[in-house]
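Student: Once you've had a glance at the structure underneath, I'll fire off some questions.
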Amino acid sequence: MQNTAKGTRVTEYEQGYTPEQKQLAEHIIGLEKAALDKWFAGDVSGYRELWSRRSFTYFDGTNTERVENHDTVDKFLDELDGKLHADTYEFRSPRVQFGTDMALLTYQLFADTNLIDMKYNCIELYQREDDSQWRVVHSTWSFIRPMDMDFGSVETVV
């Protein structure tokens, strides 16, 4: 990593970004953080809007199978709406990788919520849709080192 004049750190891969990629990476990270800000305030609408209605799949450490569409994940979001809260969260080590009209965001998420202490590796595959908006077509939230977690103390989420 390298320090910039502002004191922020630029990773080696970011040095290879074009100006357009740098701007898009900031936009993608901003979309994700905006959804997380709402998420930890008990408002699921950020992800409901960010996750593609046209084409969407989802993996989570609490589901045994892949969620195949937005309608199914909508039911999960309905059950969580207004129930999950955290005063703060940590959004660590974001990285955006690019393809044609696609961007892959990976990061680590840490939050002590009222329901569960969250420690996730997150993968969000964004795609520019027909309306030129960037939406997530696949999302994976996997536990970081699940063998270290105590699931016996986890409250029922819904």
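Student: What whole-number value in cubic angstrom gives the convex hull volume per residue for the C-alpha atoms of the stretch 27-87?
Tutor: 92
Student: Now for a separate question. In whole Å, what three semi-axes, largest first, describe the equivalent ellipsoid of the stretch 87-139 built from its Cα gyration tensor (square root of 5 times each eigenvalue)?
Tutor: 26, 12, 8
Student: Still on this model: Taking every Cα atom in the stretch 47-121, find the radius of gyration and the maximum pairwise distance Dmax, and write them in Å.
Tutor: 13.9, 39
Student: Shifting gears a bit: Can you list the residues, at least 5 places off or on another chain, whose amide H is less than 5 Å from the amide H of W51, using H built in the peptide plane?
Tutor: For W51, the qualifying residues are V136.
Student: Dipole of the chain, Cα-centred, from +1 at each Lys and Arg C-beta and -1 at each Asp and Glu C-beta, to the nearest 20 debye? Spell out each step's value before the answer.
Tutor: Details: 17 positive and 28 negative charges, 101 e Å.
Rounded to the nearest 20 debye, it is 480 debye.
Student: Under 8 Å for C-alpha pairs, at least 6 residues apart: give me the relative contact order for the chain, rounded to a whole percent.
Tutor: 18
Student: Put +1 on the Cβ of each Lys and Arg and -1 on the Cβ of each Asp and Glu in the chain; which of H138, L105, L115 then has its Cα farthest toward the positive end of the dipole?
Tutor: Sorting the options by dipole projection puts first L105.
Student: Apply the Karplus parameterisation 6.51 cos²θ - 1.76 cosθ + 1.60, with θ equal to phi minus 60°, to every residue of the stretch 15-20 and state each ³J(HN,Hα) to the nearest whole Hz, in sequence, with x for glycine and proline.
Tutor: With the stated coefficients, the stretch 15-20 comes to 5, x, 5, 6, x, 5 Hz.
Student: Spelling out what I want: for every residue of the stretch 130-138, take phi, set θ = phi - 60°, compute 6.51 cos²θ - 1.76 cosθ + 1.60 (Karplus), and round to whole Hz; glycine and proline get x.
Tutor: Each residue of the stretch 130-138 in turn: 4, 8, 6, 8, 8, 9, 7, 9, 8 Hz.
Student: Mind giving me the nanometre distance, one decimal, between the label points for R128 and S45, set 7 Å out from Cα along Cα→Cβ?
Tutor: The modelled label-to-label distance comes out at 2.8 nm.
Student: Taking every eigenvalue of the Cα gyration tensor of the chain, multiplying by 5 and rooting it, what semi-axes result, largest first, whole Å?
Tutor: Three semi-axes, in Å: 27, 20, 14.
Student: Can you tell me how much longer the chain between F110 and F91 gets when fully stretched, taken as 0.36 nm per residue apart minus their C-alpha distance, in nm with one decimal? If you can, show how the numbers build up before the last one.
Tutor: On the way: separation 19, 0.36 × 19 = 6.84 nm, distance 0.68 nm.
The F110-F91 span can extend by a further 6.2 nm.
Student: In terms of modelled amide H atoms, which long-range or inter-chain residues lie less than 5 Å from the amide H of Y89?
Tutor: The list, which skips near neighbours in sequence, is empty: none.
A short reminder: the numbers here are calculations on the coordinates, not readings from a lab. Quick caveat, the model's predicted, so the values are computed rather than measured. Neighbour counts run over all protein chains shown; Cβ positions are idealised from the backbone, glycine included.
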